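Undergrad: One structure, pasted below without further comment.
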Amino acid sequence: MGKTGVLGSFEEMVLLAILQNPGDAYAVTIRRELQARSGADVASGAVYATLDRLEEKGLVGSEVEQRVGAVGRPRRYYDVLPAGRTALAETRGIREAMWRGLTIAPSTGLDA
Amino acid sequence: MSGGGSPPRLPALLARWLLSSDDCARLLDALDEEYARYQSPQRTRIGADVWYWMQVLRSIPALRRPGRWSGGPSVIVDLLHLSRRLRRSPVSAAAAILTLSVTLGAGAAIVSVVDAVLLRPPPFTHPDALVTVGETPTDDPGAAPRAVSYSTFLAWRERAGASAELEAFDPTNVTLTELGAAERLSVNNVTPGFLQLLGVTPALGRLFDSEDLGQPVAIVSTAFWRGRLGADSAISGRQVVLGGQPHAILGVLPEHFYFALNASDVWRPLPFVPVEPEDGSDPVRVVARLDGRASPVELARALGDVSRVADPLPARVRAVPLAAAIAGDTPRTLGLLGAAGGLALLIAFTNLAVLLMVRSIDRRRELAVRRALGARRSETARQLVLESLALVGLGIVGGVLIAASMTPAVGRFALEFGGIAHRELTVSWRAIGVVSVIALFCAFACGFLPTLGAGRWRISDVLRQGATSSAREISLRRMFVGGEVAVAFVLLVSMSLVGLSLLNVLSTDPGFHAGGVLKLQVSLPSMSYPTRERAAAFFSELQSSVGERLGADAVSIINEVPLSGDGGRSLVGVHREATDREAVVRSAGPGYFDVLRIPVIAGRTFTPADGATAAPRAVISASLAQGLFGARQPVGSRIWLAGIQEMVEVIGVAGDVKHRALDEAPLSTVYLPALQFPSASSILVVRSVQPDRVVIATVRDEVQRLDGDLPVYSIRSMRDVVAASPGVPARRLLTVTLAGFALLAVVLSAIGLFGIVAHDVARRRAELALRIALGADPMRILRTTLGRGALTLGSGLAVGAVLAVWAARGLSYLLFMTGQVKVLSIGAAAAATLVATGAAAVLPVALVAARSDPVSTLRSE
């Protein structure tokens, strides 16, 4: 598709999950957010792979920190960059445009 | 159980092996943190461990991406991908695995039975040099070789000279007493060198030698030695009482020894010393070991010199290899069973091939993308092959489990329904090996071949058109499904033909009425009942005392019931010089014909007055009356019976009964009064409304009262005798087996047809929608769609019809009273069944295609 910023659905969900946990978004909390909101038991590896990809695209940034009271190794905390926010907004716009004028009643299919 | 445990180590090791250290570290960190929280009061330790495992297994494929370092063999990762893919389309994967397991398992079980009975040699030394030798009448040379008189055996021995060693055996029954309750045992009386001829060495003691002839000695089996003699190692001092006479035990046979022609636990030397061999002695069966230079045919010809000039009836000699004699009639039936099993496997592999092809086609898009992203052809090939192999591998595992559990059941089934016995029936690993190799080859071919075309795909084409099949693949699939239809047709027709024959055989009139009649056998030892009079008195007393309790017209005596064979034949004629026909001779008590409801056509039957003091008399069968007397009244005439060397008066004519098999003509019969010509081993036939256990208990009671040492044995209902008579069990076995496979084949071909048409419709959705939008008649669309399915079905039926003719020829020995008209109607019915099932499978898809809304379809393209 033409525009550069359109996200895949899982990428979008990961970005939203990061935004839902401002300041505390690392792999575990992101995964838990996804599980809580979508109901699916997401694989941690998939989350990591997506975060790497988003970072490569310049949509998220990350920092390793050892916070007070945290157990184990220093964690990598993620944050959505401006490019990521733009991509989210664009993606949302396209989705809403596609949905406009439609209502879906469950189990009976489309009513135009 | 709540937290506090540490996560399982194995998944961590796996991750370390297959991921880079960075990826591994962060993954395990995240999982360990969640693991601690995952163990809550509500979750068990096992649940947490399972979650941990699943997380690792699913994360590994996600983290191994092009451009990142990946260690460990990629096959493992491919398997993880595979398990994810299978979980995403579980239904089709499960269907493939299940179909494969069931057909592989059933096919392997059947092949195991065939292997065990037909292909494994008997447990003797050099078994291919052993033959059974017997006489056949000159007018029926194809008959089974019969036992011969002892004098004939001696003459044969002399004639055979050095070209073959001949020994003889006489299978008989004897009563064992003083070792628990009296029991009737099967015994082999043998010439002294018999066991040595088979190549047996005793496990304990020794075998017979020439001085044991006529002596009361015995050799027993390991089972008998363990079960009755307590595995006593001091065997030479022990005795067993057989037929009222103590026999010293000389030795014990090895455990693996099994004589299939007449399995028995006790062996004795032939009881008479043959200084003057008597003609009236029991016939013996002969086994010969060829010396390598003579063939069975040559031996038979040489021995035929003796038999050809024999008096009174010249005979031919037939030598049959021992393995074939043991197998008897079963090779043909088992061959058919094996063919049915083979067809089942064919169906399974065809379905597998179709299924794998479809899966590989569906994955084409993904594969094209991967190729475009740089994946090598070997990688994609490897994944496809791995997927096929995994499916087949799981199917084989399931199949092995099913075969291992089914083989004993199939063996029992074959025994009960088909009378096919074999002692040790375990799953044949050879069979499973062969089947597995074929399945794996099929998997490799069906997984790999589609990738050969992968290089030529252009990614843009694939992405635009979606998953499509090449024309070659489509016709290949059609061919496979057409093949399934053909196989289904053949099985349906075969099942119907054999089933119809079975019904015809069962509805033939055996000449008597079997319902409600029990038979029970009692044998009198010659030691306690040395004279005819004593035997006759015993049975007469037994019949009347049982009759008092169960009803006087409910009981009678006979020495052999109908449908038990044609033993006890004699020459018969209107006078001594004119004996040119054979009849089966039976010894019947008063009331016999009433108990079995055999019609009396003329004269009368036996009464208690037809006893030892009366003149010899007989009742003859209608066919014998016709043959001897034509239109004349036979009652009052006399006939010569060579077996008793006497003239007897015909006092009545009874209806014919079948002695050998239901599908054979009845044999001429002469009935003698049991009170005049008693048989030491006789059968009580009882027709009573009382339940069987009451009848059995009553008879046992009365026998016990008359003579405590006599067992009542071989207790069966006459209905069972009819059902087990030659020709019935084999047909029953095959009908049931063929029905099972036919059902499987019909279902699978219906699924196959459905698959083809559905795929077709999906492929041409855009085209169909366009047509409808341009005004095409939906009914035409429907007809066209159905037409493609019908073409496959039709060609399958055509091929099937040709194959069915072939199959019918293979079945011809089982067919009974199935005329041409019936065959044609069976064929029509089978075709109709397949058409109906095919239509049911295809119609829903075709309707959907005809009704599809063109606009929405075109939009989505």
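The values are calculated or read from the model by the stated rules, or taken from the named source; none is laboratory data. All of these numbers come straight from a predicted model, not from anything done at the bench. All Cβ positions, even for glycine, are placed from backbone atoms using ideal geometry, and neighbour counts span all protein chains on display. SASA here: full protein model, heavy atoms, side chains in, ligands and nucleic acids out. Shrake-Rupley method; radii C 1.70, N 1.55, O 1.52, S 1.80 Å.
Undergrad: To the nearest 20 Debye, how big is the dipole of region A:9-99 about its Cα centre, given +1 on the beta carbon of each Lys and Arg and -1 on that of each Asp and Glu?
TA: Working: 12 positive and 13 negative charges, 39 e Å.
Here region A:9-99 has a charge dipole of around 180 debye.
Undergrad: Per residue, how much accessible surface does chain B expose to a 1.4 Å probe? Answer in Å², no decimals.
TA: 46
Undergrad: Moving on to the next point. Hey, any idea what % of region A:9-99's accessible area is carbon plus sulfur with a 1.4 Å probe?
TA: Values: 2670 of 4770 Å².
Carbon with sulfur: 56 percent of the solvent-accessible area.
Undergrad: Could I ask something else about it? Using protein chains only and a probe of 1.4 angstrom, how many square angstrom of B:Val802 are accessible, to the nearest 10?
TA: My reading of the accessible area for B:Val802 is about 100 Å².
Undergrad: In the protein assembly as shown, how does Rg compare with the Kirkwood Rh, expressed as the Rg/Rh ratio over alpha carbon atoms?
TA: Expressed as Rg/Rh, it is 1.13.
Undergrad: For a quick check, take a GNM of chain A with Cα springs below 10 Å and name the residue from A:Gly101, A:Gly23, A:Gly58 with the largest mean-square fluctuation.
TA: Maximum among the listed residues: A:Gly101.
Undergrad: Using only the Cα atoms of region A:9-99, construct the convex hull and provide its projected area averaged over every direction, in square nanometres to one decimal.
TA: Quarter of the Cα hull surface area: 6.3 nm².
Undergrad: If you don't mind, there's one more thing I want to ask. Taking +1 at the Cβ of each Lys and Arg and -1 at the Cβ of each Asp and Glu, which of B:Trp267, B:Ile644, B:Phe512 sits farthest along the dipole of chain B towards its positive end, judged by Cα position relative to the Cα centre?
TA: Selected residue: B:Phe512.
Undergrad: Would you mind calculating the gained length between B:Gln196 and B:Ile76 on full extension (0.36 nm times residue separation, minus the Cα-Cα distance), in nm to one decimal?
TA: That pair, B:Gln196 and B:Ile76, stretches by 37.2 nm at full extension.
Undergrad: Considering the options A:Ile94, A:Thr29, A:Phe10, tell which one lies farthest towards the positive end of the dipole of region A:9-99, charges being +1 on Lys and Arg and -1 on Asp and Glu at the Cβ, about the Cα centre.
TA: The residue sitting farthest along the positive end of the dipole is A:Thr29.
Undergrad: If you don't mind, there's one more thing I want to ask. With everything on Cα atoms, drop me the angle between helix B:9-18 and the longest principal axis of chain B, reported from 0 to 90° to the nearest 10.
TA: 60
Undergrad: Would you work out the charge dipole size for chain B about its Cα centre, treating the Cβ of every Lys and Arg as +1 and the Cβ of every Asp and Glu as -1, and quote it to the nearest 20 debye?
TA: Dipole of chain B, to the nearest 20 debye: 5400 debye.
Undergrad: Tell me which aspartates and glutamates have Cα within less than 19 Å of B:Lys822's Cα, excluding those fewer than 8 residues away on the same chain?
TA: Those aspartates and glutamates meeting the cut-off are B:Asp663.
Undergrad: Roughly how many Å² is the accessible area per residue of region A:9-99, as a whole number, for a 1.4 Å probe?
TA: In whole numbers, region A:9-99 has 52 Å² accessible per residue.
Undergrad: Give the interface area between chains B and A as buried accessible surface, both sides summed, probe 1.4 Å, in Å² to the nearest 100.
TA: For B against A, buried area totals roughly 1500 Å².
Undergrad: While we're on this one: Counting only protein heavy atoms, probe 1.4 Å: which residues of region A:26-64 lose 30 Å² or more of accessible surface in the full assembly compared with their chain by itself?
TA: By number: A:Val28, A:Arg31, A:Arg32, A:Asp41, A:Ala43, A:Ser44, A:Gly45, A:Tyr48, A:Ala49, A:Asp52.
Undergrad: With the alpha-carbon atoms as the only input, what is the per residue convex hull volume for chain B in Å³?
TA: Spread over its residues, the Cα hull of chain B gives 255 Å³ apiece.
Undergrad: I would also like to ask the following. Counting alpha carbon pairs within less than 8 Å and at least 6 residues apart, what relative contact order, in whole percent, applies to region A:9-99?
TA: After rounding, I find 29 percent.
Undergrad: Taking the Cα centre of the protein assembly as shown as origin and charging only Cβ (+1 Lys, Arg; -1 Asp, Glu), how large is the dipole, in debye to the nearest 20?
TA: Its charge dipole is roughly 4980 debye.
Undergrad: I need to check one value: relative contact order of chain B, counting alpha carbon pairs closer than 8 Å and at least 6 residues apart, in percent.
TA: Relative contact order comes out at 14 percent.
Undergrad: Would you compute, from DSSP H runs of 4+ residues alone, the mean residue ellipticity of chain B at 222 nm, taking -39500 (n - 2.57) per run and dividing by the full residue count, rounded to the nearest 500?
TA: -17500 deg cm²/dmol
Undergrad: Measure nothing but the geometry: give the 0 to 90° angle between the long axis through the Cα atoms of B:728-763 and the longest principal axis through the Cα atoms of chain B, rounded to 10°.
TA: In chain B, helix B:728-763 runs at an angle near 10 degrees to the longest axis.
Undergrad: Sticking with this one: Could you name every residue in region A:71-101 that has 40 Å² or more less accessible surface in the full protein assembly than in its own chain alone (probe 1.4 Å, ligands and nucleic acids excluded)?
TA: The answer is A:Arg73.
Undergrad: For the residue pair B:Arg851 and B:Arg293, what label-to-label distance in nm results when each label sits 7 Å from Cα along the Cα-to-beta-carbon direction?
TA: My value for the distance between the label points is 8.6 nm.
Undergrad: Using a 1.4 Å probe over the heavy atoms of the protein chains, calculate the carbon and sulfur portion of the accessible area of chain B as a whole percent.
TA: Values: 23040 of 39200 Å².
Reported share for carbon and sulfur atoms: 59 percent.
Undergrad: Quick check: the angle from helix B:150-160's long axis to the longest principal axis of chain B, C-alpha only, nearest 10 degrees?
TA: Here the helix axis deviates by roughly 60 degrees.
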